[in-house]
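Some notes on the structure that comes next.
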Amino acid sequence: MTEESRLSAQDMIDRLSPVLSRGIRIRAVAALLAGVLGTVFVGTLWWTEPGPLPGRTHLAFALFTVFCLAWTAYGGWLLTRRVVLFATDRVIAAWIGLVASLATTAVMTVVAAQRGTGVGLALAVGGPFVAVALALTVRAQARRAALLLRKHELTGITSWARGDEPGGR
């Protein structure tokens, strides 16, 4: 038996190159740039608005700024990772998208209700965004769980192949 066949799953993971794949790097740079540019755009727009703004407008600007900062932080975090992520990046991105779509839909609905224009249009526009974000979040969580289960299975198999008893000694 060669040394390669005696490696545990964790040993194999540790031997993987610490460099991010091209796809992950592209996603990270896109998230980082979109977040930074969005923050600059929304912040500039908010700062240059003439006259006093209503409270709900300040809330909307603050909310959009927070979302942009979240994408900036996500992109920066992803670019600095040098470990195998097991789809953690997708789970985080999905949650950011879900929270952003829920909060935006909620703000649109509240504003529509305060204006007396009815909440139907706000829910009709925001609802599909929330539904897609929720589906992507569920899919990302399932993918991560499947990868972690596979890692666990491989760890158990490789430890058994080395002669260890299941459960370890």
Per the list (1) in contact with a Ser or Thr (Cβ under 8 Å, 6 or more places away or on another chain); (2) hydrophobic (A, V, I, L, M, F, W, C); (3) more than 24 Å from residue 41 (Cα to Cα), residue check on residue 69 breaks on (3)
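Yes/no matrix, rows are residues, columns are (1) more than 29 Å from residue 26 (Cβ to Cβ); (2) surrounded by 15 or more Cβ atoms within 10 Å (Cβ to Cβ); (3) of a type in the set (A, V, I, L, M, F, W, C):
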site	(1), (2), (3)
72	no, yes, no
89	no, yes, no
102	no, yes, yes
109	yes, yes, no
121	yes, no, yes
138	no, no, yes
146	no, no, yes
149	no, no, yes
Given the criteria on the phi > 0 side of the Ramachandran plot and either free of Cβ contacts under 8 Å to residues at least 12 places away in the same chain or not hydroxyl-bearing (Ser, Thr, Tyr) (or both), does residue 118 qualify? yes
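Read-outs: derived from the displayed coordinates by stated rules, not from any lab. Remember, it's a predicted structure, so these values are computed and weren't measured experimentally. Quick reminder, even Gly has a Cβ in these numbers, built from the backbone with ideal geometry, and neighbours come from all protein chains shown.
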